[in-house]
Structures are given as structure tokens and as C-alpha cells.
Amino acid sequence: MPTKVAGATPYIYLASAATSILGNAVASIVWPWMVLEKTGNPAAAGIVATCITVPSLIFAFLGGHLVDTVGRKPMSIVSDIVSGLSIVFVILADHLFGLSLGWFIALGIFGAVGDVPGMSARSALIGDVVTEKMTLDRLSGINQTISSLGFLVGPAVAGVLLSTLAMSDVLWITAVCSFTAAVFTCFLPVGSAPAATKGEGLLESVSSWKRVLEAPSIRLIAIVSLASTVCVAPLISVLLPAHFQAIDRPGLLGITMSCYAVGQFVGGAFIAWRGTTRRRWVWVVATSFEIVGMAFFVAVQLNWTPIVGMILAGIGGGLFGPLIMVLVTQTVPNEIRGRAFSLFNAIGLFASPIGLIIVTGLLQALDIYQVCIVLSVAFLGVGTWGATRGWAVLPDRADS
């Protein structure tokens, strides 16, 4: 069970999470914009993202090991500092040398050193900062609503900043967000000590990764995360943009993407209010929302259907996020919890390119609307299996 503490610790944790999320949300818009502006090549942002993927996978696994052996709090602080420094180095490189594609790739990889392990460290910390009033369920739900709000407001904030300030000023703001998150984490009175044994050897480290997947519920989460990301990632990054570009409605694309964050906010708020005590029901309801949401993408050309689909799928995702955080925190042994969260980050990084490769192949024979139908049907199979399996392996209640 998570160690309980007193005082303002959960609120310090949430403040750190909020500033980090806001900085990342703004950076997610500013970064590709800057790559395009400096290189003049529309494909450059994709090239940079591709080059960062493999190092990010390595950092996910290595970072998980460090989170457990160095400490959750130290790794969270270091990660936010590295993320902030990566932005500062972008500003300096632009001022001193001028940014090229090579600089973007190198500094993007350096930034991934902070971003990827940092997500795992912050997730692993959540079990250390709960109190009698701020339970794990409630804290996880609030954390989800903050994340959703950040990625709903962040792009809008980025747009306003880019239209009113110089690019370097906007970059400084994102760097300050990362540094501020690190400062907040410094004030956490928990998580400084390593959870795993110091001097852990290679064999013990490899064995610990196997232990992460020993629990049936964790294996279920891993499989569903992998399969669903393969289906969803290309839909969001390729098919929806292609549709709205074809009908010349970029505004609708932005609205559609924002609707997912709205749904997530609703789902996270519900968990913060009601908790995850009825584990089976929360899992099945979340899965059902995502299945129904994905079903709306069989008719993307109607334009309103992806909006509704995104809201429903977002509600499902908003329920899933806190539930998964609670399950991992309470199921995985304390000394390998950082590796557990790193595994799920790695799954997302690994599954997205697989989905893109599959969709690229399908587009050689089908149009984008037919591929949307294929992905929706595939997700129906994944979701149905996941709901059935979840009902079988998850406890009916949290205390059972």
C-alpha cells in the first residue's frame, strides 16, 4: 500500500505536475512550428520526431531503472531540469549558430533524456504523496483533470504567445515551466530514497522487468495499451488531418482534437469524485466509452461524428488513466514501480510507429475513409477482448 503523509504534499505534487504539463503542452505546438520556420521543410518535423523515437525507447527503459535505483524525487527533478535546459540550448544554438535540422535532432534527443524518464518518475511518485483526505483515487483523478486541462489550454496559449511574442520569448516561458516544476518537486518530503536495492546487477535488473508483468491485471493493461495505440495513433496523426485538409477545414481539426481533452477532463473528474472502488465496472465502462467513441469514426466524412467520437473516447481515456495509475501503484512491488510506469511509456513509443506502418500499407489499397473503418473494427475486437478479460482478472472491489 502507498505510504501516507501529512500536510500540503499532494498539492505540491499537483503544482509540479501542472507546470510541467503546461510547459510540455505549449512546447508540443511551438517545437514543430519552429522546426518548420527554421528549416522551411514541411517534412522536417516528421524527420526529427522519427529520429527521436529510438533514443526515447532506450531512455524509457534506462530511465525506469534509474527511477527505482536512484530515487523518484531526484529523477523527477533532474528530468525537469534537463527538459528546461534542452529549451535553453535551443535558444542559445539559434542565437550563436543558427538552427539546422541536425541541431533540432540533437537537441530533441537531449530533451527526450528528460521528458521520458520524467513522466515515469512523476507517476511513480504519486503513491508516496497520498494523505487520508487526498486518497490515491482522488489524487489520480485530479492529476488526470489537470493533464487534460493542460493539453486543452496549452495549444491555445501557445497560439496566443506565438502571435504576440518573439519565438525566443515563448521558448523561455516553456523552459521556466520545466524549471518551476523541478523547484516544486524539491519541496516534496518523500521519494528521495531509492526503492530498489543499490548495486543491482544486470541479471537482477532484467529479472525485475519480468516481475513487472507477473500480475494478470498489469499484463492486461500492457496488451490493451499496445493494441489500442496501434489503432488510434495513425487515426489521430494521419487520417483525421488528411480528411480535414481534403475539405479545407483546419478549424474543425483543432476542435476535434480538443474534444478528446474535454472528454478526458470529464472522466478524470468522475474518478476524483467517485473513485475506482468498483474496479471491474470502471474498467468495463471505460472500455465501452472508447469502443462506442471509435465506432463514430466509421463515418468521418460527416464531420460531426469524429467530434462526438473524440468526446466519448476521451471520457473512456479519462477513466482509464487514473484507474491504471491506481492499479500499477497498488499491484506492482514498490521497488520496481518506476520500471512499471516506464514500460507503459515505452509501449506508447513503440506502438505508434507500428500503427503508422500498418496504415501506410493500407493506404496503398484503400482510401482514408475505408482505413478508418478498418481501424474502428479492429478496435472493436481489442476493446471487446479487453473488457471481457478485465472482468475476469480485476477484483470486483478495491479491497477484494
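Hull volume per residue, based on the alpha-carbon atoms of segment 1-145 and their convex hull, is 114 Å³. Against the empirical curve 2.2 N^0.38 Å, the C-alpha radius of gyration of segment 67-219 lands at a ratio of 1.24.
Could I get the Rg over Rh figure for the chain? Both from C-alpha atoms, Rh via Kirkwood, rounded to two places.
Details: Rg = 20.6 Å, Rh = 21.6 Å.
Ratio value, two decimals: 0.95.
Projected label points at A193 and L362, each 7 Å from Cα along the beta carbon direction, are separated by 5.0 nanometres.
What is the ratio of the Cα radius of gyration of segment 46-117 to 2.2 N^0.38 Å, with N the residue count, to two decimals? Numbers along the way, then the final one.
Details: Rg = 13.1 Å, N = 72, 2.2 N^0.38 = 11.2 Å.
Normalised Rg, Cα atoms only: 1.17.
Mean sequence separation of contacting Cα pairs (under 8 Å, at least six apart), scaled by the length of the chain, corresponds to a relative contact order of 26 percent.
Which helices count as membrane-span-like in the chain under these terms: full DSSP H, at least 30 Å along the axis by C-alpha, Kyte-Doolittle mean of -1.0 or more? Walk me through the intermediate numbers first.
Details: long enough: 9-39 (44 Å, 0.81); 44-70 (37 Å, 1.65); 72-96 (35 Å, 1.16); 101-125 (35 Å, 1.18); 136-164 (40 Å, 0.97); 250-274 (37 Å, 1.00); 304-331 (40 Å, 1.50); 337-362 (38 Å, 1.28); 368-393 (37 Å, 1.28).
Span-like helices in the chain: 9-39, 44-70, 72-96, 101-125, 136-164, 250-274, 304-331, 337-362, 368-393.
Viscosity 1.002 mPa s, temperature 20 °C: what is the translational diffusion coefficient of segment 42-85 from Stokes-Einstein with a Kirkwood Rh over Cα pairs, rounded to a whole number of µm²/s? Please list the in-between numbers first.
Details: Rh = 11.8 Å.
It comes out at roughly 181 µm²/s.
Of all segments of the chain bounded by GluC sites (Glu not before Pro) found in a DSSP loop with no more than 13 other C-beta atoms within 10 Å, the longest spans 215-400. Debye-formula intensities of segment 247-364, expressed as log10 I(q)/I(0) at q = 0.12, 0.17, 0.18 Å⁻¹, are -0.56, -1.00, -1.08 (one equal scatterer per alpha-carbon, no solvent).
In plain terms, the chain is cut at each of the trypsin sites (Lys or Arg not before Pro) found in a DSSP loop with at most 13 other Cβ atoms within 10 Å, and the longest leftover piece is 199-396.
Each reported figure results from applying straightforward, stated rules to the coordinates on display, with no laboratory input. Just so we're clear, the structure is a prediction, and the values are computed from it rather than from any experiment. No Cβ is skipped: glycine too gets one built from the backbone with ideal geometry, and neighbour counts run over all protein chains shown.
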